[in-house]
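Heads up, the thing below is written out as structure tokens.
What follows draws every value from the coordinates through simple rules; no lab data is involved. If you're wondering where the values come from, they're calculated on a predicted model, not measured in any experiment. Here Cβ is always computed from backbone atoms with ideal geometry, including for glycine, and neighbour counts include all displayed protein chains.
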Amino acid sequence: MTVSANPSNYTEDIALGPTTFEDSTRVDVDLQNIGTRTTTLTSYYVTDSSGNEYTLANWNGPSLAPNSVTTATFSIGSSCSQCTLHGSAFTFTSGNQYTITMVTGRGTIFTFTVSLDSGHHYFIELQEGFGSMAT
């Protein structure tokens, strides 16, 4: 699935690829920049179904040149010492869905949902928005 952040000024456009849960505190997501400008990821938020959230507001995330693919790792809990927790601690658990929100240096917001089911099949849904995230 692809989402154009600004179709009239085609600049940031990210396509999601395979997702791998490394363990209960890290998930890797392949991202492809199919836009016309380099996109730099600057913060992320991982939220569980109860609304608990890990935030990494000053993320040194990857920069994606046009037509490039990179793997971004989203860490929570013990794997993310710089994360801020809002609510109760959680880990990635089979059968649950998690919402990951990425913010670019231009303030574009991309949101997607991942889940790990007991058969190790993955579900990804991507949404996008504009503006900044408030914590």
At R0 = 30 Å, how high is the FRET efficiency between Asn67 and Thr20 if r is their beta carbon distance? Nearest 0.05 is fine. 0.85
So what are the ³J(HN,Hα) numbers for the range 25-35, from phi and the Karplus equation (6.51, -1.76, 1.60; θ = phi - 60°), rounded to whole Hz, Gly and Pro as x? 10, 9, 10, 9, 10, 7, 10, 10, 8, 9, x
The computed P(r) of the range 49-121 puts the percent of Cα pairs beyond 15 Å at 63 percent
What is the calculated FRET efficiency for Arg106 to His86, with r their C-beta to C-beta distance and R₀ = 22 Å, to the nearest 0.05? 0.35
Which ³J(HN,Hα) values in Hz, rounded to whole numbers, follow from the phi angles of the range 76-83 under the Karplus curve 6.51 cos²θ - 1.76 cosθ + 1.60, where θ = phi - 60° and Gly and Pro get x? 9, x, 5, 8, 9, 5, 8, 6
Non-local residues with an amide H under 5 Å from the amide H of Thr40, with H modelled 1.01 Å from N and Pro and chain starts lacking one, are Leu64, Gly105, Arg106
Starting from the amide H of Leu116, placed 1.01 Å from N in the peptide plane, find each other amide H under 5 Å away whose residue is 5 or more places distant or on another chain. Gly95, Asn96
